[in-house]
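Notes follow the structure.
The values are calculated or read from the model by the stated rules, or taken from the named source; none is laboratory data. Predicted, not measured: the structure shown is a model, and the values here were computed from it. All Cβ positions, glycine included, derive from the backbone under ideal geometry; neighbour counts span all protein chains shown.
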Amino acid sequence: MSWSDVQVIGVLREVKADERRVALTPDGARALASDGRTVVVETAAGEGAGFSDDEYRAAGADIAVSSREVADRAGLLLHVKEPQTSEFDLFGPHHTLFTYLHLAAAPEVVAALTASGCRAIAYESVEVDRVYPLLAPMSAVAGRLAAQSAATYLEARNGGRGVLFGGIADVPPARVLVIGAGVSGRHAAAVAAAMGAEVIVADLDETRAQAVARDIGGNTRGIASGPRVIDELAPTCDVIIGAVLLPGRAAPTVITSTTLASMPRGSVIIDIAIDQGGCVEGVRSTTHQDPIRDMGHVRVSATPNMPAAVPRTATAALTAATLPYVRALAAGWPSAIARHPELVGAVNVEGGRVVHPEVGAALGL
């Protein structure tokens, strides 16, 4: 790919069901235009997040009538979610795709990307000192939404136990178990605690779980996680939020069918890990239109693109995180990896093959 190719940056409209985010705000487009780059935005790409074509035009972007036009003009393609079946023929060897991929749970996307010959860089694989700066903002949004949603689903009108998250005088609050003390777990625990719930944060790293609980304060405690601990706590919990992450790999099953069956009738599980296959045994994805279903007597929500529920906030946060990398990529690959060497490890697919070792291992390649 030549340097001139990637100077043209394309923003594709999301076609995944219920996805309202867009990969770049008009302000982000303005910043790239000020660098001398050409930005091509597919028409209506920003509508779900409240950004009009006219706002992108005013920021200096061109508006394309179709995704094909974007792909034909641009070398660097920005997306939010993994390509959908209708988009598989957009990509070629001259393209760099920069998006969330979560390929460990998407073998059909892997097949399409390898066949295309493109370079696919995953937001979630960018790692700096064991921190994932492009995953973190969406994890934070998902964690906060998980706690908010759980409080609503726990209401009797939604089939829940009829327990108030924060309780009232002389009546105990809901008990919430958050499995995973990473970014999404931390934010889920913080919101649940702020609403007055009793919160237990469980993580394989007990020190990290205790640090999160200490930072949050209130009625929050941190403990070491493990199958026995989860099995013992599950029958006492009103809500379990699964917030586990194994970067580049499928999520581990931490809530078994036996664990689920032991929970109280009308209790709620939010599976944030569904983007990577889910952490609840037998779970199937839900949607924004139909976000929760019964698994036995427990209400389970497993919506893959949770931040799409708040697309304006999520898009602004995503652009703030990705823009430095987009600017670097637009200057060409050698310059980009000199400035951000972490991009090398974020390449999932290149030259017709999977090059990320953990993704390859997860897919048995």
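Can you name the number of the only condition in (1) buried (at least 23 other Cβ atoms within 10 Å of the Cβ); (2) in contact with a His (Cβ under 9 Å, 6 or more places away or on another chain); (3) not aliphatic (A, V, I, L, M) that GLY117 fails?
So GLY117 meets the others, but not (1).
Quick one: count up the residues across segment 222-242 that are more than 26 Å from the chain's Cα centre (by Cα) and surrounded by fewer than 16 Cβ atoms within 10 Å (Cβ to Cβ).
Of segment 222-242, the ones more than 26 Å from the chain's Cα centre (by Cα) are 228-229, 231-233, 235-236.
Remaining after also requiring surrounded by fewer than 16 Cβ atoms within 10 Å (Cβ to Cβ): 228-229, 231-232, 235-236.
Residues flagged as more than 26 Å from the chain's Cα centre (by Cα) and surrounded by fewer than 16 Cβ atoms within 10 Å (Cβ to Cβ) within segment 222-242 amount to 6.
Yes/no per residue for (1) over 26 Å from the mean Cα position of the chain (by Cα); (2) closer than 19 Å to GLU82 by Cα:
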site	(1), (2)
ILE9	no, yes
ARG21	no, yes
PRO26	no, no
LEU32	no, no
ASP35	yes, no
THR38	yes, no
PHE51	no, no
ARG57	yes, no
ALA61	yes, no
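How many residues does segment 71-97 hold that are surrounded by 21 or more Cβ atoms within 10 Å (Cβ to Cβ), more than 14 Å from the chain's Cα centre (by Cα) and under 19 Å from GLN276 (Cα atoms)?
Residues meeting the conditions: 1.
Got at least one residue in segment 64-75 being assigned to a loop (DSSP other than H, G, I, E, B), under 19 Å from ALA314 (Cα atoms) and of a type in the set (A, V, I, L, M)? Steps first, please.
Taking segment 64-75 first, the residues assigned to a loop (DSSP other than H, G, I, E, B) are 65-66, 74-75.
Filter once more, keeping what is under 19 Å from ALA314 (Cα atoms): none.
No: zero hits.
Yes/no per residue for (1) among the hydroxyl-bearing types (Ser, Thr, Tyr); (2) touching an Asp or Glu at 6+ places or on another chain (Cβ under 9 Å); (3) modelled with pLDDT of 95 or more:
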position	(1), (2), (3)
ALA169	no, no, no
VAL199	no, no, yes
ALA209	no, yes, yes
VAL212	no, yes, yes
VAL229	no, no, yes
SER267	yes, yes, yes
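Those residues that are in a helix (DSSP H, G or I) and under 21 Å from ALA147 (Cα atoms), I need them from segment 232-274; list them, please.
Applying the first criterion (in a helix (DSSP H, G or I)) to segment 232-274 yields 232-236, 257-261, 272-274.
Matches in segment 232-274: LEU233, ALA234, PRO235, THR236, THR259, LEU260, ILE272, ALA273, ILE274.
Does any residue of segment 276-288 turn out to be touching a residue at least 40 places away in the same chain (Cβ under 8 Å), surrounded by fewer than 16 Cβ atoms within 10 Å (Cβ to Cβ), assigned to a loop (DSSP other than H, G, I, E, B) and at negative phi? Don't jump to the end; show me each part of the working.
The first filter runs over segment 276-288 and keeps only residues touching a residue at least 40 places away in the same chain (Cβ under 8 Å), leaving 276-277, 279, 287-288.
Next cut, surrounded by fewer than 16 Cβ atoms within 10 Å (Cβ to Cβ) only: 287-288.
If we keep only those that are assigned to a loop (DSSP other than H, G, I, E, B) as well, we get 287-288.
Within this subset, residues satisfying the condition of being at negative phi are 287-288.
Among the residues of segment 276-288, at least one is touching a residue at least 40 places away in the same chain (Cβ under 8 Å), surrounded by fewer than 16 Cβ atoms within 10 Å (Cβ to Cβ), assigned to a loop (DSSP other than H, G, I, E, B) and at negative phi, which makes the answer yes.
Quick one: would you say ALA251 is outside the structural domain of GLY143 (by TED's automatic domain parsing), in contact with a helix residue (DSSP H, G or I) (Cβ under 7 Å, 6 or more places away or on another chain) and either of a type in the set (A, V, I, L, M) or at pLDDT below 95 (or both)? Give the derivation first.
Values: outside the structural domain of GLY143 (by TED's automatic domain parsing): no; in contact with a helix residue (DSSP H, G or I) (Cβ under 7 Å, 6 or more places away or on another chain): yes; either of a type in the set (A, V, I, L, M) or at pLDDT below 95 (or both): yes.
Here the answer is no, as ALA251 does not meet what is asked.
How many residues does segment 116-135 contain that are farther than 10 Å from ALA346 by Cα and either not assigned by TED's automatic domain parsing to the domain that holds LEU90 or not in a helix (DSSP H, G or I) (or both)? Full working, then the answer.
Narrowing segment 116-135 to residues farther than 10 Å from ALA346 by Cα: 116-119, 128-135.
Add one more test, that the residue is either not assigned by TED's automatic domain parsing to the domain that holds LEU90 or not in a helix (DSSP H, G or I) (or both), and what stays is 117-119, 128-135.
Selection size over segment 116-135: 11.
Examine segment 331-354 for a residue that is closer than 17 Å to VAL80 by Cβ, out of contact with any helix residue (DSSP H, G or I) (no Cβ under 6 Å at 6 or more places or on another chain) and of a type in the set (Val, Ile, Thr), and state whether such a residue exists.
Our first condition is that a residue be closer than 17 Å to VAL80 by Cβ; within segment 331-354, this holds for 346, 348.
Of the ones still in play, those that are also out of contact with any helix residue (DSSP H, G or I) (no Cβ under 6 Å at 6 or more places or on another chain) are none.
No: zero hits.
The rows are residues; the columns are (1) touching a Pro at 6+ places or on another chain (Cβ under 9 Å); (2) among the hydrophobic types (A, V, I, L, M, F, W, C); (3) free of Cβ contacts under 8 Å to residues at least 24 places away in the same chain.
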{"site": "MET138", "(1), (2), (3)": "yes, yes, no"}
{"site": "VAL141", "(1), (2), (3)": "yes, yes, no"}
{"site": "GLN148", "(1), (2), (3)": "no, no, no"}
{"site": "GLY162", "(1), (2), (3)": "no, no, no"}
{"site": "GLY167", "(1), (2), (3)": "yes, no, no"}
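When segment 289-315 is examined, which residues are found to be exposed (fewer than 15 other Cβ atoms within 10 Å of the Cβ) and either part of a helix (DSSP H, G or I) or in contact with a helix residue (DSSP H, G or I) (Cβ under 7 Å, 6 or more places away or on another chain) (or both)?
GLY296
Just checking, does segment 147-154 include any residue being assigned to a loop (DSSP other than H, G, I, E, B) and touching a Lys or Arg at 6+ places or on another chain (Cβ under 9 Å)? Can you show your working first?
Within segment 147-154, the first condition is being assigned to a loop (DSSP other than H, G, I, E, B), and the residues that meet it are 154.
From what is left, the residues that are touching a Lys or Arg at 6+ places or on another chain (Cβ under 9 Å) are 154.
Yes - at least one qualifying residue is present in segment 147-154.
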